[in-house]
1. Testing Ile297 on (1) open to solvent by 50 Å² or more (accessible area, probe 1.4 Å); (2) hydrophobic (A, V, I, L, M, F, W, C); (3) in a helix (DSSP H, G or I), one condition comes back false. Which one is that?
2. Give all pairs with beta carbons closer than 6 Å in which a residue from the stretch 223-244 that is on the phi > 0 side of the Ramachandran plot meets a residue that is among the aliphatic types (A, V, I, L, M); count only pairs at least 6 apart in sequence or on separate chains.
3. Looking at Glu434, Glu426, Glu459, Glu471 in this structure, which one is assigned to a strand (DSSP E or B) and at pLDDT below 95?
4. Can you confirm whether the stretch 130-140 contains a residue that is touching a helix residue (DSSP H, G or I) at 6+ places or on another chain (Cβ under 9 Å), modelled with pLDDT of 50 or more, assigned to a strand (DSSP E or B) and surrounded by fewer than 21 Cβ atoms within 10 Å (Cβ to Cβ)?
5. From the list Gly291, Gly331, Gly281, which residue is surrounded by fewer than 20 Cβ atoms within 10 Å (Cβ to Cβ), under 24 Å from Val405 (Cβ atoms), over 25 Å from the mean Cα position of the chain (by Cα) and without any contact (Cβ under 8 Å) to a residue 60 or more places away in the chain?
6. So, Ala144, is that one at pLDDT below 95, open to solvent by 50 Å² or more (accessible area, probe 1.4 Å), assigned to a loop (DSSP other than H, G, I, E, B) and under 25 Å from Arg506 (Cα atoms) or not?
7. Looking at Leu406, Leu381, Leu469, Leu370, which is the one that is over 24 Å from Ala250 (Cβ atoms) and not basic (Lys, Arg)?
Amino acid sequence: MAPFKHHSTHAENAMTPKHLTALLASIWLAACSTHQPEITTTAEGSKAEKADNALQIAETVAPLPPQQPLPAAEAPAAPAVSPLTSADSVRATGLAKPQVSLSKRMPMGGNSLASPAVRQYVPAAPENRERYQALQRNGITLAAESPVSTFSIDVDTGSYSNVRRLLNGGQLPPRDAVRVEELVNYFPYDYPLPQGKAPFAVSTELAPTPWNPNSLLLRVGIQAADPAKQALPPANLVFLVDVSGSMNSADKLPLLREALKLFTRQLRPQDHVSLVTYASGTRVVLPPTSGARRGEIMAAIDSLEAGGSTAGAAGIQLAYQMAEQGFVKGGINRILLATDGDFNVGITRFETLKNLVEEKRRSGVSLSSLGFGTGNYNEQLMEQIADAGDGAYSYIDTLNEAQKVLVDEFTSTLATVASDVKIQMEFNPQNVQEYRLIGFENRALKREDFNNDKVDAGEIGAGHRVTALYEITLAGKRGAVEPLRYGINKPLLTGKDQELGYLRLRYKAAHGEDSQLLAFPVRRDAISQRPSEDLRFAAAVAAFGQRLAEGGKHLGRFDFGQIKALAAGAQGEDRYGYRGEFLRLISLAETLVGQDAKVQPQIAE
């Protein structure tokens, strides 16, 4: 009976179903408590999440209920979880709006001992690394206090095509991307041609300002001589092409290849071209080759492929070596730099790169820049490096723009007819109360720089046109600045009392050392109540640029609709369709500005 009694004792001590259920519930609660840090935000958890570069994670979890015995008949309840709020999302990701919100839940049923954290995944916003030079816009100047305005001419047009690219992409341009003078100078105007051996002709026009009945618009126009292509001296050209990995997109290297092939078709047998590339290193793809051997040049261009980092400075140095090797005395010696400007290997500091090009230009080799691409585009470098290299800056956003710059304006792109061109306008305080130069902010010079031939200024290419606009307020008219109570009245100058100002230009011949001076008075009786078609269109472009660059600070109520009406009334022949395209850009900008004004920031509750 003993064995039976022993077995009977085990049976008496065995757990009842009620005890077994309580034990299992306790084990489940202990397991949940052990795994709780996986779903609870802690300092250590935050550090782990920050270490995850691919994902941006944010989570909030309500505390678990206290441990207590559960009835055997009930399944364990899932812990309560609070959804991710809008404010949490903004703080966690830095984005203006939360993206997709995923609720976190514990699995149903009592067999799971732990629940992994359910995280919110927010895609990172695309990085935009485009760089522009900060500009301090020209204000209104009192002629009595500072009657002289001095600046270097500018034939660049890159700002216009870059602004067009941004608008066509549904984006208002950054204000520093808008250089008003480059917008105005993008368009051809019918200015008088130079006579005799003069490298350029100068003309002025004076008429009421469209946006201000109390002021006048003074237009200074320069038209360079435009010799036939065959009359140009032989050219020694170097294509310096960025083939780094950043150029691997449709709007960069593929477009660049097609643009250079358009240009190659314009070369003459007496022209020679070299092709230098740079990425992680540099390479001479094509030694100096005659324009008659077009097939070889085209094949070299077609062979270009993108990859690697961007050793731009090394590429510039090699390009100058090739240009000096093939230097043509009395000819055209020019480097065409084609890149997105994203230098990241070797010399990358902006000022150092500029100084490198400034030093190299003394060799007689100029450098022009052709900008390509978006996202990482360094517009500041492209514009300033061309200025330092005695060249011009263009932005190529389409093959049509490549046709304009490299084919239609072939002679302007290649040949320089005058260098170090400076403009100085002296206003007569007796007749002019205020003035404002529209644009040319990064071309300003000191008054004493005008007569100093050591001070560098802009170049004018064959056939180039330059337009400068001043808004002036005559004495006695309502101005923007209160007059001085104790101002000194100066006597009128005999014979000069009808002059509003005196225009001076200083320049060097294409291969000259000493500058020459041109000077013209601007008279009150030159005011016209019927401005030319060109002045009206240039005024519309200037107003458009001012709207984008500073919100129309000086335009009063002259809005996009009035700007478009002014431009449409001065569209003229429009041989290439540039002015018609401008009208479309005005409408697009007006729409984008309206949309931008309607977008209100979302504030999390």
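The values are calculated or read from the model by the stated rules, or taken from the named source; none is laboratory data. In this text the structure is predicted, and so the values were computed from the model without any measurement. Every residue, glycine among them, receives a Cβ derived from its backbone with ideal geometry; neighbour counts consider all protein chains shown. For accessibility, only protein heavy atoms count, side chains too; no ligands or nucleic acids. Shrake-Rupley method; radii C 1.70, N 1.55, O 1.52, S 1.80 Å.
1. It is condition (1) that Ile297 fails.
2. Pairs found: none.
3. Only one candidate passes the filter, namely Glu459.
4. Yes, the stretch 130-140 contains a residue that is touching a helix residue (DSSP H, G or I) at 6+ places or on another chain (Cβ under 9 Å), modelled with pLDDT of 50 or more, assigned to a strand (DSSP E or B) and surrounded by fewer than 21 Cβ atoms within 10 Å (Cβ to Cβ).
5. Criteria check complete, one pass: Gly291.
6. When the stated conditions are applied, Ala144 passes them.
7. Leu469
Okay, residues lined up against (1) modelled with pLDDT of 95 or more; (2) closer than 18 Å to Arg219 by Cβ; (3) open to solvent by 40 Å² or more (accessible area, probe 1.4 Å):
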| position | (1), (2), (3) |
| --- | --- |
| Lys496 | no, no, yes |
| Tyr502 | yes, yes, yes |
| Tyr507 | yes, no, no |
| Leu517 | yes, no, yes |
| Pro521 | yes, yes, yes |
| Asp534 | yes, yes, no |
| Val541 | yes, yes, no |
| Leu548 | yes, no, no |
